[in-house]
Amino acid sequence: MTSLSMRPLADVSWLPGVAVPTGWQRKRVKHVLRDLRAGEGITAEDIESSGDYPVYGGNGVRGYTSHYTHSGTFVLIGRQGALCGNVHLASGRFWASEHAMVGAPAIGVDPRWLAYTLRTMNLGQYSVTAAQPGIGVAQVMALDLYAPRPEEQRAIADFLDEQTSRIDTLINKQTQLIITLQERRRAAIAHGVTKGLTPGTKLRPSGLRWAGDVPDTWEVANIRRYAAMKTGHTPSRSEPAYWIECDIPWVTLADVGQLRDGRTTYLSSETQAKISAVGLANSAAELLPAGTVVLSRTASVGFSGIMPVPMATSQDYWNWVCGPRLLPAYLLATFRAMKDEFRSMVMGSTHKTIYQPVAAGMTIVVPPIEEQRAIVAHLNDETSSIDALIDKTEQHIALARERRAALIAAAVTGQINVRTAGRATQGVV
C-alpha cells in the first residue's frame, strides 16, 4: 500500500527493524515538545460530575471543576500505576491533575500526530519502577521518534482521525450491544427467581422491593431458615507459624475480580492467597464445604459465587451453607438478582460494608426444591446463549482494537502512504 521511498534506520527501542520514509528526521521527544511537566493537585471534593472545565487524570476525564490550569491543545501522559504511559489529547480550557504529565507541542508540530505517535511508542514500557509503575519527564523527553514534515504530520493525523473514528463507532456499537445483552441476562435471572417458569401463575406481594409479586406457593422468609451463615477471618500476621505450608484455598478481595462480570458460577480453587491448617485453627475462619455460596461484603460489595471445593474466606465475605431446601445455584441466582438491593444495605462512608445484622436479616424468596432445579436449568440454558453472544461481541471489539492500533502504528511509522491509503480503506472497517 506504500509508495514512499523507505530507508533503514538505526535501532529505536520501539521500532526494532523498521524502515521509515526518506526525509523523516530522527528526533528526541524533547525536540517536538517545548514543555513537559506534571499537572497540579486537586482534591476529590473539588471534582464534580458536571462543571465548567474538565479535569484530566492519567486516563482521560475524571470529572469537572470551576477552574482550569491550561488553555490550548496539549498531550497528556499518565504518570503512575496501571495508567502509566496512557496518552490523551486535550483541547480548550481544562484542569490537568498531578496524575498526568502535560506536554506542549513545539511550534510546527501537529499535536494530533504527536499523540498518535506517543501512543504507538507504548510509553508504559519505560517505567522506572516495578512495584508501582511510573514514568517521569526525563524518561519521556529522552526517547527517540521519527518526525515527518509538518504537512505530512497533518496528513497522517487527518487520515487517522477519519479511520479511527469509523473504527471507534463500530466499537461503541458493539459495546452498547454488550450492555444490552448484560441487561437481558440480569432481567432473565431476576424474572426466573421471582416469577418462575409457568405463565399465568397466581402471584402475591412479597413485600420485597427487589422481588415484587411472587408465586403464591413460594415461601418468603429469612435466609437463615434455609442456609447457615458463616463468616471468614484472617489469621494473625504477627504469627509467622500461621503462614508456612499454606495449601488451603482462601478467598480474599483479591479474588473478587473473577466474579465481577456476574457470569462466573464457581470460584477458582487456585485462589490468590492460601492459608495453613495451623492458621485456620487459630482464627475465626472455617473450612467451608464445596457448594458454599460466598457474598463479598466490603469494598467491592455484592459479588457472589460458589465454592467448587472446600475453602475458607477472609472477613470480606459472608458465606452461606445451604440446607436441603435451598440449592446453592438457586441462591447464587437470587443474590445476582439482588445486586441493586445490596447497594442499599451498605453502611459506612469510608469503609463500606454489609454488617452482620443486615446480612443475617435478609429475606429471600424460595420455591419448592424441584421448581428451583427447573429454574436453575432454564437459567443455565438462557444465560449460556446470551454469554455466547457476549463472547462473540467481545471478540469483535478485540479485533477492531487490534486493527486500530496496527493502523495507527503503520501510519506514524510511514509503513503506509496515507494520501492513497484513505481511498483504499473506504468501506473497510
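In this entry, residue 325 is excluded by the filter for residues that are free of Cβ contacts under 8 Å to residues at least 60 places away in the same chain, open to solvent by 60 Å² or more (accessible area, probe 1.4 Å) and charged (D, E, K, R). With respect to the conditions (1) surrounded by fewer than 17 Cβ atoms within 10 Å (Cβ to Cβ); (2) in contact (Cβ under 8 Å) with a residue 60 or more places away in the chain, residue 43 falls short on a single one, namely (2).
Residue 362 meets each of the listed conditions (1) in contact with a His (Cβ under 7 Å, 6 or more places away or on another chain); (2) open to solvent by less than 30 Å² (accessible area, probe 1.4 Å) apart from (1). Checking 26, 37 one by one, the residue that is touching a residue at least 60 places away in the same chain (Cβ under 8 Å), closer than 16 Å to residue 121 by Cα, open to solvent by 70 Å² or more (accessible area, probe 1.4 Å) and not acidic (Asp, Glu) is 26 and no other.
Would you check which residues across region 165-211 are of a type in the set (Lys, Arg) and under 29 Å from residue 363 (Cα atoms) and list them? Of everything in region 165-211, those that are of a type in the set (Lys, Arg) and under 29 Å from residue 363 (Cα atoms) turn out to be 184, 185, 186, 195, 202, 204, 209. Inspect all residues belonging to region 41-59 and state whether any of them is in contact with a helix residue (DSSP H, G or I) (Cβ under 6 Å, 6 or more places away or on another chain) and modelled with pLDDT of 95 or more. No: zero hits.
Among the conditions (1) open to solvent by less than 80 Å² (accessible area, probe 1.4 Å); (2) farther than 22 Å from residue 187 by Cβ; (3) without any contact (Cβ under 8 Å) to a residue 24 or more places away in the chain; (4) of a type outside the set (Lys, Arg), the only one that residue 399 does not satisfy is (1). The residue of region 285-299 that is most open to solvent (accessible area, probe 1.4 Å), among those that are without any contact (Cβ under 8 Å) to a residue 60 or more places away in the chain and over 22 Å from the mean Cα position of the chain (by Cα), is 287. Within region 123-169, how many residues turn out to be among the hydrophobic types (A, V, I, L, M, F, W, C), more than 19 Å from residue 14 (Cβ to Cβ) and either free of Cβ contacts under 8 Å to residues at least 40 places away in the same chain or in contact with a strand residue (DSSP E or B) (Cβ under 7 Å, 6 or more places away or on another chain) (or both)? Of the residues in region 123-169, 2 are among the hydrophobic types (A, V, I, L, M, F, W, C), more than 19 Å from residue 14 (Cβ to Cβ) and either free of Cβ contacts under 8 Å to residues at least 40 places away in the same chain or in contact with a strand residue (DSSP E or B) (Cβ under 7 Å, 6 or more places away or on another chain) (or both).
For every residue, the table says whether it meets (1) hydroxyl-bearing (Ser, Thr, Tyr); (2) assigned to a helix (DSSP H, G or I); (3) more than 30 Å from residue 338 (Cβ to Cβ); (4) modelled with pLDDT of 95 or more.
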site	(1), (2), (3), (4)
94	no, no, yes, yes
145	no, no, yes, no
157	no, yes, yes, yes
166	no, yes, yes, yes
180	yes, yes, no, yes
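Just for region 115-161: of the residues that are of a type in the set (Asp, Glu) and loosely packed, with under 14 Cβ neighbours inside 10 Å, which one is nearest to residue 33 (Cα to Cα)? Checked region 115-161; the qualifying residue nearest to residue 33 (Cα to Cα) is 151.
Quickly run through region 236-274 and pick out the residues that are open to solvent by 70 Å² or more (accessible area, probe 1.4 Å) and either modelled with pLDDT of 95 or more or part of a loop (DSSP other than H, G, I, E, B) (or both). Scanning region 236-274 gives 237, 238, 239, 244, 245, 247, 260, 261, 266, 270, 272.
Picking from residues in region 328-354 that are outside any helix (DSSP H, G or I), open to solvent by 50 Å² or more (accessible area, probe 1.4 Å) and in contact (Cβ under 8 Å) with a residue 24 or more places away in the chain, the one that is nearest to residue 305 (Cα to Cα) is 352.
Selection within region 300-319: residues that are touching a Pro at 6+ places or on another chain (Cβ under 8 Å), in contact (Cβ under 8 Å) with a residue 60 or more places away in the chain and surrounded by 21 or more Cβ atoms within 10 Å (Cβ to Cβ). The member of this set that is nearest to residue 234 (Cα to Cα) is 312.
Residues in region 302-327 that are part of a loop (DSSP other than H, G, I, E, B) and closer than 24 Å to residue 276 by Cα: 307, 308, 309, 310, 314, 315, 316.
Results for (1) of a type in the set (A, V, I, L, M); (2) touching a Ser or Thr at 6+ places or on another chain (Cβ under 6 Å); (3) more than 19 Å from residue 150 (Cα to Cα), shown as yes or no for each residue.
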site: 51; (1), (2), (3): no, yes, yes
site: 64; (1), (2), (3): no, yes, yes
site: 73; (1), (2), (3): no, yes, no
site: 78; (1), (2), (3): no, no, yes
site: 94; (1), (2), (3): no, no, yes
site: 106; (1), (2), (3): yes, no, no
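Set side by side, the residues 55, 75, 20 differ, and just one is in contact (Cβ under 8 Å) with a residue 12 or more places away in the chain, open to solvent by less than 10 Å² (accessible area, probe 1.4 Å) and more than 23 Å from residue 408 (Cα to Cα), which is 55.
The values are calculated or read from the model by the stated rules, or taken from the named source; none is laboratory data. The model shown is predicted, which means the values in this text are computed figures rather than measured ones. All Cβ positions, glycine included, derive from the backbone under ideal geometry; neighbour counts span all protein chains shown. The area values use the complete protein model at the heavy-atom level, side chains included, leaving out ligands, DNA and RNA. Shrake-Rupley method; radii C 1.70, N 1.55, O 1.52, S 1.80 Å.
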